[in-house]
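Novice: Before I ask anything, here is the structure I am working with.
What follows is calculated from the coordinates using simple rules that are stated; it is not laboratory data. All values reported here derive from a predicted model rather than from experimental measurement. Using ideal geometry, Cβ is built from the backbone for each residue, glycine included, and neighbour counts are taken over all protein chains shown.
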Amino acid sequence: MNERNRITGTTRRQFLAAGVGVASILAVRPASATPEAMAAAIRQIVGGATVRPGKVKLDIPPLVENGNTVSLTVSVASPMTPDNHVTSIHVFNEKNPQPNVASFHLGPRAGRASVSTRIRLADSQTVIAIARMNDGSLWSDKIDVIVTLAACVEELI
Amino acid sequence: MAAALINVPKRAKRGDVIEIKTLMSHIMETGFRHSTTGEPIPRDIITNFVCSYNGVEIFRADLYPAIAANPFITFFTVATESGKIEFKWTGDNGYSETASAAIAVE
Amino acid sequence: MNGAAITRALSAGALAISFTIIAASAAEMAPGERKSGYDFMTRDTQGMQDDDTVNPGMLWVLDGEALWNRKAGTAGKACADCHVDARTSMKGVAARYPAFDAARGRPLNLEQRVNLCRSERQQASVFRYESRELLALTAFIGRQSRGAVVEPPSDERLKPFIAAGREMFMQRQGQLNLSCANCHDDNWSKKLAGAVIPQAHPTGYPLYRLEWQGLGSLQRRLRNCLVGMRANAYDFGAPEYVDLELYLMTRARGMPVETPAVRP
């Protein structure tokens, strides 16, 4: 196994490692979250409560140029008053190694229920945003994102 | 070196909804990658971000490895009074950085 | 290229990039046809470059400004002690690099120029290629030329180096037997997997690549191209790269500097 490969001068271990290196650069990994793992992560946040579609708007560019940096905005239709406001916004994905992306905690002082960030998406997949209101109700939006992969190999720096 | 790029309006009218933009230098190493020699690269991410307005927390975020390197977070708040808006990022390996910006509210 | 790099390239070859280049001639493009990589990006990525408050490259510019003013080396001098305010002293400088250095008898790029100042003027250790410090300083210096047009020096002594750079650009190499020109002169605007092939104008370096999730120099980009072609990549700082940089800058003459640019 550890004999050096005559052609490349590397050991088998290095060869395998190099393969993994490429896979991780292209952000394609066999061990990814699944729709079930995402459902489990969502259950951890919402418990048994019903999540209804509506009120939430999840924005991601329809065609992503690079999955390493993807702009994301979540806005929720809410007057953001002490009586009626968003308390948290949660973002999940189904194919990254882990289903959680971020949770944002806000309140009536926000004035506007809208947050933006940049995320990583390992592959084309569904992304879900869920908002919790101060009355305990839960609302969501989801979006299917197409991620194009880089063509050229890169060396690790 | 750990630069943070903070954008807060210098002045605002009382009651205005203002946008706050933050960019923080951080590698956000996921913990799911391997080095060229096959060793797993340990996770090193910012896990928490908090914004306080004159000492009162107004926004908080829990971050996971799916957040891109050099975390960018923008959100809104109501300009209530003049003072200081403070930011704190904490994470793996005892990481902790702060920044602040002044705002004048008329 | 070391063994690991070769195997990496080989295993990546198995990803079967469909790539058919028919054009054998390498026709140089007319000035009117020239487009920055910026023009091929989505509006979202363009927005990331245009707005300093959301451009992640500005994190390095901020660091570079701090370094500019920090005393270093046994001479105890900061860049600012000689060059004072970079906003005036460095304006347009990055648009004129690489430039000829009489003492060395060959062109130097901006990174080498910064490191010369480090070793000779500040008597400090040089910065490693792709180190946070060197990227930060070159980004800060480059930022002072944003909007200025690329204007390589009209220096007779540079001519043989420009010619050497052009030859490298046109020459087929590597296991895929490709030249730079095959992609960037003959097939720009076409797609290589999901990515658009740009014209290879180095107007925004050092730049923030979403792929890298960080800032990188032109030489990092050139090395990536060579590895992609399954060709031998030179070491960082090799004179071959500087010649190629110089040719690329003459090829981009008159285009505006975008540093720190953002690219996918």
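Novice: Quick check: the distance between the Cα centres of the stretch C:219-264 and the stretch B:1-35, to the nearest angstrom?
Specialist: That distance is 31 Å.
Novice: Anyone know which of B:Thr37, B:Thr90, B:Thr77 comes out most mobile in the 10 Å Cα GNM of chain B?
Specialist: In the Gaussian network model the winner is B:Thr37.
Novice: Modelling each spin label as a point 7 Å along the Cα-to-Cβ direction, I'd like the C:Ala238/B:Lys13 distance in nm, to one decimal.
Specialist: Here the modelled spin labels are 6.2 nm apart.
Novice: Stretched out fully, how many nm does the piece from B:Asn54 to B:Ser100 gain, at 0.36 nm a residue minus the Cα gap?
Specialist: 15.5 nm
Novice: Select from C:Met170, C:Met249, C:Met58 the residue whose mean-square fluctuation is largest in a Gaussian network model of chain C (Cα-Cα springs shorter than 10 Å).
Specialist: Comparing C:Met170, C:Met249, C:Met58 in the GNM, the peak value goes to C:Met170.
Novice: So how strong a dipole does chain C carry about its Cα centre when Lys and Arg Cβ are +1 and Asp and Glu Cβ are -1, to the nearest 20 debye?
Specialist: 300
Novice: So who's got an amide H within less than 5 Å of the one on B:Ser35, skipping anything under 5 residues away but keeping other chains? H placed 1.01 Å off N, in plane.
Specialist: B:Ile41
Novice: Let me ask something else about it. Out of all DSSP beta bridges in chain B, what portion is antiparallel? Express it as a percent rounded to 5.
Specialist: Of those bridges, close to 95 percent are antiparallel.
Novice: Sticking with this one: Can you compute the modelled spin-label distance between A:Ser124 and C:Arg253, with each label point 7 Å from Cα toward Cβ, in nm?
Specialist: 4.5
Novice: At a Cα cut-off below 20 Å, give the aspartates and glutamates reachable from B:Lys21, other chains included and same-chain residues fewer than 8 away excluded.
Specialist: A:Asp59, B:Glu57, B:Asp62, B:Glu81, B:Glu86, B:Glu97, C:Asp44, C:Asp50, C:Asp51, C:Asp52, C:Asp63
Novice: Quick check for me: using +1 on Lys/Arg Cβ and -1 on Asp/Glu Cβ, what's the dipole size of the protein assembly as shown about its Cα centre, in debye to the nearest 20?
Specialist: 340
Novice: Which parts of the stretch C:127-142 would a label at C:Ser89 reach, counting a residue when its backbone N lies under 20 Å from a point 7 Å out along Cα-to-Cβ?
Specialist: Only C:127, C:133-142 pass the distance filter.
Novice: Still on this structure, I have one more. Could you tell me whether the stretch C:57-143 comes out rounded, prolate or oblate from its Cα gyration tensor? Rule is a ≥ b ≥ c as square roots of the eigenvalues, rounded for a/c under 1.5, then prolate if a/b exceeds b/c, otherwise oblate.
Specialist: rounded
Novice: Just grab the label-to-label distance for C:Asp44 and B:Lys88, each label 7 Å out from Cα along the Cβ direction, in nm (one decimal).
Specialist: Inter-label distance under the simple model: 3.3 nm.
Novice: What FRET efficiency, computed as 1/(1 + (r/R0)^6) with R0 = 51 Å and r the Cβ-Cβ distance, is obtained for C:Arg172 and C:Asn69, rounded to the nearest 0.05?
Specialist: Approximately 0.65, to the nearest 0.05.
Novice: So, R0 is 30 Å and r is the distance between the beta-carbons of C:Lys190 and B:Lys21; what FRET efficiency does that work out to, to 0.05?
Specialist: That gives a FRET efficiency of 0.25.
Novice: Hey, another quick one. What residue among C:Thr203, C:Thr45, C:Thr53 has the largest mean-square fluctuation in a Gaussian network model of chain C, using Cα springs under 10 Å?
Specialist: Comparing C:Thr203, C:Thr45, C:Thr53 in the GNM, the peak value goes to C:Thr53.
Novice: Okay, next question. At a Cα cut-off below 16 Å, give the aspartates and glutamates reachable from A:Lys55, other chains included and same-chain residues fewer than 8 away excluded.
Specialist: Output for A:Lys55: A:Asp135, A:Asp141.
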